[in-house]
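What follows is one structure encoded as structure tokens, with my remarks underneath.
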Amino acid sequence: MVAIGNLRHRPVRRLVQLYAGLTLYGVSMALMIRSGLGLDPWDVFHQGVARRTGLSFGTVTIAVGALVLLLWVPLRQRPGLGTVSNVLVIGLVVDATLALLPGGAPLAARAALLVVGIVANGAATALYLGARLGPGPRDGLMTGYVARRPGRSVRLVRTVIEVTVLALGWLLGGTVGVGTVAYALTIGPLAQLFLPMFTVEAEPAGAGPVEVGVAGPRPAGP
């Protein structure tokens, strides 16, 4: 498979797909925020911090992503272009989309925003992971921890991280609701559905270095 950050193999396709996925991810987050019906665990945390600090949602997303990326250092994880882009692009896009998307819609419209947001999030996840240019910082934290401690369950580590940030976010004032449950139940199957459509095929054997790792199909967050 192609190395993280190696663009010799299908560079145009992979770059377009990466940034399309990150852009769609930011839009999907904004849709779920405007639904007011609950967010995924990391976004509950981002929203809680934003409400406590007065910073924009996107600014908090970028700041938290950068801080999480620093935790890669002791885990000896190597970020790719997709990892760094994830930190910057998603936060900028979510703020821009929120500025254009008014709130206060009727319940039926907000429910539609939630459904579209979750489906778009699943497609966005498959797009940027399928580009094979590096996982998001939050995913890399989980996979790096498991790689350093092979006896630990990936599912258990993911659950502990997500429950922790969800609880912190709720205590800070983030929105937990039916959307939180819907996201948890559907994002994995949605990412699995879309991932085969968007995964760039591996570089032919012997054509380049071996990939050091790509996150699994479901992110713990952007």
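Going through (1) part of a helix (DSSP H, G or I); (2) surrounded by 24 or more Cβ atoms within 10 Å (Cβ to Cβ) one by one, Gly134 falls short only on (1). Take region 154-169 and flag every residue that is open to solvent by 50 Å² or more (accessible area, probe 1.4 Å) and closer than 23 Å to Gly122 by Cα. Scanning region 154-169 gives Val154, Arg155, Leu156, Thr159, Val160, Val163, Thr164.
If I filter region 170-179 for residues that are at pLDDT 80 or above, surrounded by fewer than 20 Cβ atoms within 10 Å (Cβ to Cβ), touching a helix residue (DSSP H, G or I) at 6+ places or on another chain (Cβ under 8 Å) and not in a helix (DSSP H, G or I), do I get at least one hit? Yes, that holds for at least one residue.
Restricting attention to helices (runs of 4 or more DSSP H) lying wholly within region 16-114, give those where 3 or more residues are open to solvent by less than 40 Å² (accessible area, probe 1.4 Å) and among the polar types (S, T, N, Q).
Of the helices (runs of 4 or more DSSP H) lying wholly inside region 16-114, those with at least 3 residues that are open to solvent by less than 40 Å² (accessible area, probe 1.4 Å) and among the polar types (S, T, N, Q) span 81-100.
Are any residues in region 165-191 without any contact (Cβ under 8 Å) to a residue 40 or more places away in the chain and more than 17 Å from the chain's Cα centre (by Cα), and if so, which ones? Within region 165-191, just Ala167 meets the criteria.
The values are calculated or read from the model by the stated rules, or taken from the named source; none is laboratory data. Quantities reported herein were computed from a predicted structural model and do not represent experimental measurements. All Cβ positions, glycine included, derive from the backbone under ideal geometry; neighbour counts span all protein chains shown. Heads up: the accessible areas ignore ligands, DNA and RNA and are worked out on the full protein's heavy atoms, side chains in. Shrake-Rupley method; radii C 1.70, N 1.55, O 1.52, S 1.80 Å.
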